[in-house]
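Scroll down for the structure; my scribbles are underneath it.
No value in this document is a laboratory result; all are computed from the given coordinates. Because the structure is predicted, anything quoted here is derived from the model rather than measured. Cβ: placed from backbone, ideal geometry, glycine included. Neighbour counts: every protein chain shown.
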Amino acid sequence: MSEFVVEVKDLAVHFGRAGRFASGRVVKAVDGVSLELKRGQTLGLVGESGCGKSTLIRSLFGLTPVTRGSIEVFGKDITASSRSERKRLGTQMQMVFQDPYSALDPRMTVHEIVAEPLRIAGRYDAKAVAELLDRVGVSAEMAQRKPSEFSGGQRQRVGIARALALKPEVLVLDEPVSALDVSIQAQILNLLAELQSELQLAYLFVSHDLAVVRHIADEVAVMYLGRIVERGPKNDLFTAPRHPYTRSLLASAPVARPGAARTKHALAGEPPDAANPPSGCTFRTRCPIARDRCAAERPALGADTAHSAACFFPDVAAREMATV
Amino acid sequence: MIPTVTIAMAVETPRVGRRRARSRTRGSVLPFVGVALIASMLLFVLIVPLLPGFDPLAQDLSRARLLPFADPAHPLGTDAIGRDSLSRLAEGGRTTMLIALAIVAINLVLGVTMGLCAGFFGGWMDSFITLVSEVNLAMPVVLLLIAIASIVGPSALLMVIVLGCTFWMGYARVARATAMSLRDRDFVLAPQMLGAGAGWTIRKHILPHVVPQMLILAVTDIGVVMLIQAGLDYLGLGVQPPSPTWGGLILEGQKTLRIDPWPAVLPGLAIFLVVVGIQFLSQKFTAEGTLPLRKVR
């Protein structure tokens, strides 16, 4: 078995059909993404809205048909898995949703919500549910209440308990703290960190909050318009970003110190239409250092090095976009 | 000075508005009148058959066409062939209400099933079910019933089947809309990520949100169905004589309407009271805007 618990190879998810009777508009929501997730590690996936993060996650769970590529979970391709295989997959990989308000059925008690995965798997055990709730910090007397009586942070704890019910080794966290207050965010992040070291969990942590990713991730991948434009170990990527998009993202993060200098390369404009992306490098329309070559050719992500960027001019980016 | 006044008004206005809104819905007595009407009619059709002398079919031509209160043995009088009006009214009411309930139950099951499938699965299933329901809506039910009844003969069972299969669209529409609005919610996706099938997901996470709305629709519909059914009985397309129904009683009573209006007026009054009672009751739901699917947020 490989060292990776999840290995996504050249994954593409296209919506709309090309063909004589189709509208001809094909949206390449995910287009050639490769990711590797190691046991017990956290991979941060960063990108602005509409870049394909959510589609990528949905395809991991078979909710969206895959156009091309493979997704291997513990060495087994799951892109064409049957329902029984998917049940087994549920014991290996689980998900925590972004919005704790829509993630829990408002008509079920918290106990029932956490019990549901066990019931689907056919091994309901009230004691196990109580232990799960206790582990995430939801007291036993709250178990018979409905989600509407819980705060956002408590709901997210319930969501985590549900995700852990089948003892998975991989958790996909879809912006798990972005809907929460900052003080609650820290509590949830700490809970996630504790659970990770305790249960040897691997996290795929999707977020647009760079500070959070910097806090929790071991490795970071930056996504733009359906592609990964840069990836590398957290510290390398944050201290010496190589792609102009990553630089712009870092530059646009708010600065804590009042009066601190802001860089001039904060990102401007909207991402281009995914149904009609620019030729060559898809970022060139917003890139401050774009050259002729960027419109003609599409830069590839280097596969050999730990830290690589899909850019022809990473050194120019480093020189011209350095923080003021 | 002026700012203070503004603030006071800003604080005061919503509270007054809220109190008014509350009194408008809670203070209404109509729903209680409705419940009282329905309950008394139910008691009537259930208790009268227990009284001594109850017999909706026994004829006594020597005591035909008695006026109400003329004879203690027949408190509401007798019809043209001397059958006890009170007994026939109660027996007819029981049949009428039972049939209305049966029809609404079939509508409910059919409509919820169709609506949930259309809304949850979407695609061709949605298109097909929508098409069927639109064809159904365009169909004149009475003509359909006359056509079928002319082939197989009119009967209560036929009426239940035909009405049961032609009034489900309202339920289907609401169930479909709810299913569509829920199917992409995370709590509906979560079990599917665990390998739960569509049946599990619909039963556990969508049906419970639909049931309260459906019950409200059903309560309102019972009145409508009773009216239609009475009309069909009146036309001779439903329950066959000598079994009494309210619609059938009006048909019989109409023949002697000029000389003795009571046999037609009493069942008419009964239908009126039940339907009005149901309408009053259903006002409670609509007035409070109780779409029971609470906004989750």
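At-a-glance table
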{"read-out": "A:101, A:224, A:245 arranged by Cβ crowding within 10 Å, fewest neighbours leading", "value": "A:101, A:224, A:245"}
{"read-out": "Per-residue average of Cβ from other chains inside 10 Å of B:202-210", "value": "2"}
{"read-out": "Estimated distance in nm for a label pair at residue A:3 and residue A:187, the labels positioned 7 Å out from Cα along Cα-to-Cβ", "value": "3.8"}
{"read-out": "Sequence ranges A:187-196, B:81-90, A:269-278, ranked by mean other-Cβ count within 10 angstrom, highest first", "value": "B:81-90, A:187-196, A:269-278"}
{"read-out": "Summed residue charge, Cβ within 14 Å of residue B:120's Cβ, Lys/Arg positive, Asp/Glu negative", "value": "+3"}
{"read-out": "Given charges at beta-carbon only (K, R positive; D, E negative), |dipole| of region A:43-195 in Debye", "value": "540"}
{"read-out": "Top positive-direction residue, dipole computed over the protein assembly as shown with Cβ charges, set A:94, A:13, B:236", "value": "A:13"}
{"read-out": "Estimated inter-spin distance, residue A:91 and residue B:279, nm [label 7 Å along Cα→Cβ]", "value": "6.1"}
{"read-out": "Pairwise FRET efficiency - residue B:69 versus residue B:36, Cβ, R0 = 22 Å, nearest 0.05", "value": "0.40"}
{"read-out": "Shape of region A:105-167, Cα gyration tensor, a/c cut at 1.5", "value": "prolate"}
{"read-out": "Order by protection proxy (mean Cβ within 10 Å, highest first), peptides B:260-273, B:109-122", "value": "B:109-122, B:260-273"}
{"read-out": "Inter-site label distance for residue B:128 and residue A:199 at 7 Å from Cα along Cβ, in nm", "value": "4.1"}
{"read-out": "Net charge, residue A:119 excluded, C-beta distance under 11 Å - Lys, Arg +1, Asp, Glu -1", "value": "-1"}
{"read-out": "Chain B - Rg (one decimal) and Dmax (whole number), Cα, Å", "value": "24.9, 90"}
{"read-out": "Test item: B:177-187 mean partner chain Cβ contacts at 10 Å", "value": "4"}
{"read-out": "At q = 0.12, 0.23 Å⁻¹, base-10 log of I(q)/I(0) for region A:1-107 (Debye sum, equal scatterers on each alpha carbon)", "value": "-0.48, -1.38"}
{"read-out": "Largest-first principal axis extents of the Cα set of region A:109-226 (Å)", "value": "42, 28, 28"}
{"read-out": "Dipole in debye (nearest 20) - region A:105-167, about Cα centre, beta carbon charges: Lys, Arg +1; Asp, Glu -1", "value": "140"}
{"read-out": "Cleavage-rule hits, trypsin sites (Lys or Arg not before Pro), region A:111-210, DSSP coil, Cβ neighbours within 10 Å at most 11", "value": "A:123"}
{"read-out": "Charge-dipole axis of the protein assembly as shown as Lys and Arg at +1 and Asp and Glu at -1 on Cβ define it, positive-most pick from A:288, B:165, B:188", "value": "A:288"}
{"read-out": "DSSP H segments from chain A that extend 20 Å or more along their own axis, Cα-based, with Kyte-Doolittle mean of -0.5 or above", "value": "A:182-199"}
{"read-out": "Length gained when the stretch residue A:297-residue A:63 is fully extended (0.36 nm per residue, less Cα-Cα span)", "value": "81.0 nm"}
{"read-out": "Overall form of the protein assembly as shown per C-alpha gyration tensor (a/c, 1.5; a/b vs b/c)", "value": "prolate"}
{"read-out": "Pairwise centroid distance, computed over Cα atoms, of region B:32-50 with region B:169-240, Å", "value": "28"}
{"read-out": "Cβ-derived FRET efficiency at R0 45 Å, residue B:157 paired with residue A:148, nearest 0.05", "value": "0.45"}
{"read-out": "Dipole moment magnitude, nearest 20 debye, the protein assembly as shown about Cα centre, only Lys, Arg, Asp, Glu C-beta charged", "value": "960"}
{"read-out": "Acute angle (nearest 10 degrees) that the helix B:207-234 long axis makes with the longest principal axis of chain B, alpha-carbon atoms", "value": "30"}
{"read-out": "Counted charge near residue A:92, where neighbours are those whose Cβ lies closer than 14 Å (Asp, Glu -1; Lys, Arg +1)", "value": "+1"}
{"read-out": "Test item: A:94-107 mean partner chain Cβ contacts at 10 Å", "value": "6"}
{"read-out": "Calculated Rg and Dmax of chain A using C-alpha coordinates, Å", "value": "20.7, 65"}
